[in-house]
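Submitted below is the structure of interest, expressed as structure tokens.
The values are calculated or read from the model by the stated rules, or taken from the named source; none is laboratory data. Owing to the predicted nature of the structure, the values given are computational and were not obtained by experimental measurement. In this analysis, Cβ positions are derived from the backbone assuming ideal geometry, glycine residues included, and neighbour counts consider all displayed protein chains.
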Amino acid sequence: MSINSEGEGDPLTQFRKTYFEECGELLDALQTNLDFLLNGSGDEETVNAVFRSVHSIKGGAGAFGFTALVAFSHVFESLLDAMRERKISATPDVMQMLLRASDALADIVGAARDEHQLAADFGADIVAVMEEALVSASEAVAGTRPAQAATTEGIQVSGERRYRIAFTPHSEMLQKANEPLLLIRQLRKLGGLAVEVDSSRLPLLGVIEPEAAYLSWVFTLETGVPQSTIHEVFEFVEDDCDLKIEDISGVAAVVPQIDQAANPVVLAAVKKPVETATAPSTPPQSIRVDVDKVDRLVNLVGELVITQAMLIEQGSLLPTDQYPALLHGIEALAQSARELQESVMAIRAQPVKSVFARMPRIVRDLAATLSKEVRIVTAGEMTEIDKTVIEQLNDPLTHMIRNALDHGIESPDARVAAGKPRQGTINLSAAQRGGRIVIEVSDDGRGVNREKVLSKARDRGLVAPGATLSDEEIDNLIFLPAFSTADVVSNVSGRGVGMDVVKRNVQSLCGRINVQSKFGAGSRFTLSLPLTLAVVDGMVVSVGKETFIIPLTAIIESLRPLAADIHPVVGRGDVLALRGEYLPLTHLHKCFSIADSITDPCRGIVIVVQSESAGRIGVLVDELLGQQQVVVKSLEANYDPVDGISGATILGNGRVALILDIASLREIDGRAGVQELTASRTRQTETCDSNEEATDAA
Amino acid sequence: MQPDQESTANSLSRDNLDRPAAGENTQQFITFTLGSEEYGIDIMVVREIKGWTETTMIPNAPTHVRGVINLRGVIVPIFDLRARFGMGLTATTTMHVVIIVATGTRTIGLLVDTVSDIISVDPKSIRPVPEMGLPKEDQFLDGLVAMEDRMVTLVSLAGLFDKPTDSVKRTHSGEVAAAIAA
Amino acid sequence: MAKRILTVDDSKTMRDMVSFTLRKAGFEVGEAEDGKVALTVLAGSKFDLIITDLNMPNMDGISLIKNVRAGSQHRAVPILILTTESDSTKKADGKAAGATGWLVKPFSPEKLVELVQRVCP
């Protein structure tokens, strides 16, 4: 993309991007593992994993010259090393220190990535605390942790295990220039190593073939590293040797000599992409793919769907008896195309974990600022949802959680006075339910104050005087624009950014949101999002020279009305009489200012459509051109939202056609009448509902 | 595929254009014409140059928004620069040119008469736009540069399309109702 | 006496990055842009380690390894191949041809140095 001349500057710069991507993953893994340690489900391996994350970040930082990052991560790494060696144990204070350190580390990484300067003493206080911990640890342990020499036969230092490694290289191994000596040196770095060599197969000098392998070894290794690390030492040669690693910790072995070993440093040879302490025994195979490649695949499949839809249409024009095989083939193609599309969309599905993972930190920071005690409990992080949706979830979720912290959860004293535990709890969960993803954010705070909300709504004329609303309706009033029950606009949740913004965010994802609350006990927000947004069955219509798509699921019927059925209503335009009902008639050519179209309803087609918020209306178009399955493309990606339009699609002929949005169409038409109170769904859901039903019908 | 897809004859990708040498302190611009005036736009934002193809109109959009096209599966809006500069609507032919640019997260197309050249300019030689003419116009002119035989007016994307007035106007339903019912 | 490493890759950026990193770590580094050039370079001087990409024009990594192992001068020299994570068949081919070990792309400079020191201390 850029036209910088190649070869200039530091050749390592191209690796920056990869490094920071890795840092992102390492920091995520770090967070996850710290959480495990915090809630008690972590173990020795978790500490090791945490160490490795920081170690890897430090390594790359050194290569790129990020001195602040190197310095900080070095202290952090030393601390973690001391923890691995049991010199420091995971007390609550230590855990707090680790959390603060990991937060600071994330900040420093971010600053390096975004190239902005942090304060010169950023993190200095945490570093001081860590260094102090290290100093007292080494003082406490002085003299008791030997440089391995004092360990005597048969005694195992606690936390270490003893392994017996039988190793016989084949000649192939030597031919590939892998040297046993180097492997032995690697093993030495892992702990106390005793070496026994079996040279019985060694022939006389005269008949030795220099490239054959005659020796075999038995090693006894005492180490705190997991067995997998030992395997890693042999990873290049495992196919070319006989290798057996056994854990013989239970056996009191007599070890003739134990060599001096350096500090048991874990040799992270080939780093696995994400390390979690309590991962399932065999993690599923996965490969890394560039997002661009996936997006391109999605687009191509989308075009395939368009083309096969065109084929279906053309096929329907053929006499059914003359080309049975062809028609059959087209049908089979349509089925395959649909399945292909679903599979491809599933590739883009990712666990919500990446978004959820950021929340604990937000809770920590905010709770500290507000002097409240709050914890967050997450569930269902592995629930998968389309990648584009995940990215856009961050803002609404963050906002809801900040809101819960700011307005929901009370101060510790107030909570105790109310008979609640000092520490407030926020629950964040995701699950798949009935073809949709349901995300819940609930808190055990003070809940919605219905009196206050209702009176404020009345004051602002949002509720008709004398109207009665159910509890749930009152709760959902908080989604109305510029509605805030805070007497002081809180700095924390942001000025004037209220739940209406959250609702709009969710709706732009074709989602729905509502709230249930119990005054004094807490609130629960429920977000419901569709699994995929991609495909819609539509009716293609023409108005003048323009072509539009109306989602099929919104359509009740279509007809050519008689003059007798059209009645003008003063100040309101036309209505259509249909089986005893009077439907408002929307002239598309008027709404969209389209010239050269049919203006007389009796000469065009009226399509009767239904929308949640607008009820039933009739839409006047020139002609029905046919039915088609369309791939929904965003108009808003490169333009702005357009009233009356929910998206765009590309027809079989390559041209763009706009997809109508019935509810906002009515707004243009000037017939307001949408009661915001009862409907918690608005415009976007028209297309969304039809998406949903289309997928359900699939 | 069809009309809206780029045809190789009509589109030039940036890499094919003869590039004058970029030195240490120069900025490069792609120059284009509107009538007899020549303008330049920062080459770093230009993604592609293609021939004019019919657009699909966007209802109730400002006059200078000609509509959208399908650019290899992505919906891209096309803005008529002449109209945006207040000089009237362009009478399009297949010889007209659309410059596809990337601004922030958006990709948009600019309808111009022709694309002429790539120029390398020393930033120091860019002169500010003189205080004259409609204030509205000044906001998207970044400066003037004197080339051997002509003046090139440098255009900035940021000024052209940031303002809310340039996006679709959300018509107040009351006003429209009155207009329709009349 | 510093150890000499030959990096073979058709990507100049990759060769630059590898050379830069290893020189900083105290090695001497030579470059070749494909297997054929590499063989010529190897015929002319002695190297202690070869790091090669697998996909190159004129002569690819697998063929290079086979040639090196069949020759006399460098057949006992460790050879590391650069693979992408999904390239398991290529990795197996590399091993079969005689590669000593492998490094998965993308890799950090630190990993590269660690690995080099592991097989060629």
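So, in the stretch B:72-102, exactly how many residues are under 25 Å from A:Gly654 (Cβ atoms), in contact (Cβ under 8 Å) with a residue 12 or more places away in the chain and surrounded by fewer than 19 Cβ atoms within 10 Å (Cβ to Cβ)?
The number of residues fulfilling the criteria is 9.
A further question follows. In the list A:Pro210, A:Pro203, A:Pro180, which residue meets the criterion of being at pLDDT below 85 and within 14 Å of chain C (Cβ to nearest Cβ)?
Result: A:Pro210 is the single residue among A:Pro210, A:Pro203, A:Pro180 that is at pLDDT below 85 and within 14 Å of chain C (Cβ to nearest Cβ).
Output yes when any residue across the stretch B:131-145 is touching a strand residue (DSSP E or B) at 6+ places or on another chain (Cβ under 8 Å) and within 14 Å of another protein chain (Cβ to nearest Cβ), and no when none is.
No.
Of all residues being modelled with pLDDT of 90 or more and more than 12 Å from B:Ile108 (Cβ to Cβ) in the stretch B:68-86, which is nearest to the other protein chains (Cβ to nearest Cβ)? Just the residue, please.
Looking at residues that are modelled with pLDDT of 90 or more and more than 12 Å from B:Ile108 (Cβ to Cβ), I get B:Ala83.
Of all residues in the stretch A:426-455, which are closer than 23 Å to A:Pro351 by Cβ and either in a loop (DSSP other than H, G, I, E, B) or among the hydroxyl-bearing types (Ser, Thr, Tyr) (or both)?
A:Ser429, A:Gly434, A:Gly435, A:Ser442
Further question: Just for strands (runs of 3 or more DSSP E) wholly inside the stretch A:591-643: which have at least 2 residues that are within 14 Å of chain B (Cβ to nearest Cβ)?
Here the list reads A:615-621, A:623-631.
Out of all the residues in the stretch A:355-368, is one or more small (Gly, Ala, Ser) and in a helix (DSSP H, G or I)?
yes
Do the conditions hold for A:Arg458, that is, is it modelled with pLDDT under 90, in a loop (DSSP other than H, G, I, E, B) and either among the basic types (Lys, Arg) or not assigned by TED's automatic domain parsing to the domain that holds A:Thr526 (or both)?
no
Go over the candidates B:Thr105, B:Thr92, B:Thr56 one by one and state the one that is more than 14 Å from chain A (Cβ to nearest Cβ), within 30 Å of A:Cys591 (Cβ to Cβ) and among the polar types (S, T, N, Q).
B:Thr92
Report whether or not C:Ala43 is under 21 Å from C:Leu115 (Cα atoms) and exposed (fewer than 15 other Cβ atoms within 10 Å of the Cβ).
So C:Ala43 does not fit the description; no.
How many of the residues making up the stretch A:328-354 are under 23 Å from the mean Cα position of the chain (by Cα) and among the basic types (Lys, Arg)?
Residues that pass the stated criteria total 2.
Restricting attention to the stretch A:551-574, report how many residues are more than 14 Å from chain B (Cβ to nearest Cβ) and not in a loop (DSSP other than H, G, I, E, B).
Within the stretch A:551-574, residues that are more than 14 Å from chain B (Cβ to nearest Cβ) and not in a loop (DSSP other than H, G, I, E, B) number 14.
State yes or no: is C:Thr89 within 21 Å of A:Glu238 (Cα to Cα) and away from chain A (no Cβ under 13 Å)?
yes
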